[in-house]
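Structure in structure tokens, see below.
The values are calculated or read from the model by the stated rules, or taken from the named source; none is laboratory data. Because the structure is a prediction, the values reported are computed rather than measured. When we count neighbours, we look across all protein chains shown, and the Cβ atoms used for this are built from the backbone with ideal geometry, even at glycine.
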Amino acid sequence: MDILKNIKVLDFGRYIAGPYCAALLGDLGAEVIRIERLVGSEDRYVHPIDSDGGEGAMFMQMNRNKKGITLNPTKKGAEEIVKKLTESADVIVANLPPQTLKKMGIDYETVKKYNPRIILTTVSAFGHGGPYSERVGFDGVGQAMSGATHLTGYPEEPIKAYSPYVDYGTASLTAMGTLAAIIEREKTGKGQIVEGALFATSLAFMNTHIIEEAITKKNRKAIGNKSPYAGPSDIVKTKDGWIIVQVLGDPLFKRWVNLVGAEDLLEDSRFSTDNKRGENAKILSERTKKWSKDFTKDQALELLAEAQVPAGPVNNLQDVLDDPHVKEMKFFEELDYPGLPKSAPVMGLPIKLSNSENRIKKRPPKLGENTDEILQELGFSKKEISNFRNNKII
């Protein structure tokens, strides 16, 4: 069952936060129309992967389960297309600044005149109402300003995470907010604005540490891969690679102690609680390193698994593709795309719903692939569509 069957989403998004939000809605069964610039939006070409059209890996992931049209909403004569699209839709997703939304004719005051039931889901860097509201920003800005980058890496060199988790988190939360707005609309018949912000998401994800600082004033510093709250928790080397070992709580600590032969630490007051183990993390890491150096990755991980101590390999990207659990669970679906030399491993909705099909039903669209089809469905004639094309509106 497609949960969002009969829900239509217009995706004016760019890069990750908007398009991934719309992709999640598409995974749940919504009809999603990706609306791009005439030459293709910038994110179509990020991380190029040798397709004939220059498409990139980001586009492959963000635009499954979508149809695609090209449109210049700022061009004179485009207003009627925007109006009819809005009248036919349930949700508009746009991670664009307020002034750009207005210029494109998709600001809330405009679209609700066309369709009072419309839900406008927006994402900006900082949200509206504060001194930074007009600033632009990407995922890394959110990571840095939330304190996460300060506490990652080492004091002499702050490090941001490679994966843009603030973008993905904001997209996921705005998708949740959009679902809530759809439920509310069923009760009231009215749409609303759903507003996400990268900075707000990054603060939410760092809130535990911010609370600690507000109350205790510990002024923590980055300590690499160790944890200040428990131990041992670190990335350590084996004979043939690296693994991560994470111990939290007394039961796990006792299992680790028995596994590595460190029973003497049970009587040492420096390791009597999680906090104390975090304060003395370096000692515990050294004991783990001393143990792990005698084993291969596979051997160490098997022993840790038998002892029920959380651990995993530090995989490179090919390791991920080759991982037997990834394969058995079918986390990725192999999608063919015109001109791509081989299929692309694309992950759809990363949760399972027992009463709903959880498959990617449609590959990402070629540039403007469904433009004529969608405009005809809106009631435009072939002649009108031809005129739009001649006037560089589509």
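I'd like the full set of residues that are outside any loop (DSSP other than H, G, I, E, B) and among the polar types (S, T, N, Q), limited to the range 115-134.
T121, T122, S124 - these are the residues of the range 115-134 that are outside any loop (DSSP other than H, G, I, E, B) and among the polar types (S, T, N, Q).
Continuing with this model, one more query. So if I check each of I49, I69, which one is closer than 30 Å to E186 by Cβ and surrounded by fewer than 24 Cβ atoms within 10 Å (Cβ to Cβ)?
I69
Step by step: first the residues of the range 131-167, then only those that are surrounded by fewer than 17 Cβ atoms within 10 Å (Cβ to Cβ) and more than 25 Å from E212 (Cβ to Cβ), then the one that is modelled with the lowest pLDDT. Which residue is that?
By that ranking, first place goes to E134.
Now for a separate question. Out of everything in the range 325-376 that is closer than 21 Å to A22 by Cβ, assigned to a helix (DSSP H, G or I) and not hydroxyl-bearing (S, T, Y), what residue ends up being nearest to the chain's Cα centre (by Cα)?
The residue in question is I374.
Moving on to the next point. List every residue pair whose Cβ atoms sit under 6 Å apart, with the two residues 6 or more apart in sequence or on different chains, where the first one lies in the range 80-100 and is assigned by TED's automatic domain parsing to the domain that holds E377 and the second, anywhere, is aromatic (F, W, Y) and at pLDDT 95 or above.
K83/Y114; T86/Y114; E87/Y114; A94/F12
Restricting to the range 377-386, name every residue that is part of a helix (DSSP H, G or I) and either surrounded by fewer than 14 Cβ atoms within 10 Å (Cβ to Cβ) or in contact (Cβ under 8 Å) with a residue 24 or more places away in the chain (or both).
Correct list: E377, K382, K383, S386.
Restricting to the range 26-38, count the residues that are assigned to a loop (DSSP other than H, G, I, E, B) and either free of Cβ contacts under 8 Å to residues at least 40 places away in the same chain or of a type in the set (D, E, K, R) (or both).
Here the count works out to 1.
Continuing with this model, one more query. Only one residue in D52, D43 is part of a loop (DSSP other than H, G, I, E, B) and of a type in the set (D, E), so which one is that?
D52
Residue-wise test of (1) among the hydrophobic types (A, V, I, L, M, F, W, C); (2) surrounded by 14 or more Cβ atoms within 10 Å (Cβ to Cβ); (3) out of contact with any strand residue (DSSP E or B) (no Cβ under 7 Å at 6 or more places or on another chain).
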position: T174; (1), (2), (3): no, yes, no
position: G177; (1), (2), (3): no, yes, no
position: I183; (1), (2), (3): yes, no, yes
position: I215; (1), (2), (3): yes, no, yes
position: N219; (1), (2), (3): no, no, yes
position: Y229; (1), (2), (3): no, yes, yes
position: V245; (1), (2), (3): yes, yes, no
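Applying the selection to the range 283-297, what residues are loosely packed, with under 14 Cβ neighbours inside 10 Å and part of a helix (DSSP H, G or I)?
E286, K290 - these are the residues of the range 283-297 that are loosely packed, with under 14 Cβ neighbours inside 10 Å and part of a helix (DSSP H, G or I).
Restricted to the range 69-114, and to residues that are part of a loop (DSSP other than H, G, I, E, B) and charged (D, E, K, R), which residue is modelled with the highest pLDDT?
D90
If you don't mind, another one. Of these, K113, K103, K5, which one is under 26 Å from the mean Cα position of the chain (by Cα) and either without any contact (Cβ under 8 Å) to a residue 60 or more places away in the chain or over 22 Å from L375 (Cβ atoms) (or both)?
So the residue among K113, K103, K5 that is under 26 Å from the mean Cα position of the chain (by Cα) and either without any contact (Cβ under 8 Å) to a residue 60 or more places away in the chain or over 22 Å from L375 (Cβ atoms) (or both) is K5.
If A311 passes every condition in (1) surrounded by fewer than 16 Cβ atoms within 10 Å (Cβ to Cβ); (2) at pLDDT 95 or above; (3) at negative phi but one, which one does it miss?
A311 satisfies every listed condition except (1).
Then there's this: Just give me the residues in the range 347-376 being touching a residue at least 24 places away in the same chain (Cβ under 8 Å) and of a type in the set (D, E, K, R), in sequence order.
E357, R359, K361, K362, R363, K366, E369, E373
Is it the case that R270 is among the basic types (K, R), crowded, with 17+ Cβ neighbours inside 10 Å and in a helix (DSSP H, G or I)?
Considered against the rule, which asks whether it is among the basic types (K, R), crowded, with 17+ Cβ neighbours inside 10 Å and in a helix (DSSP H, G or I), R270 comes out as no.
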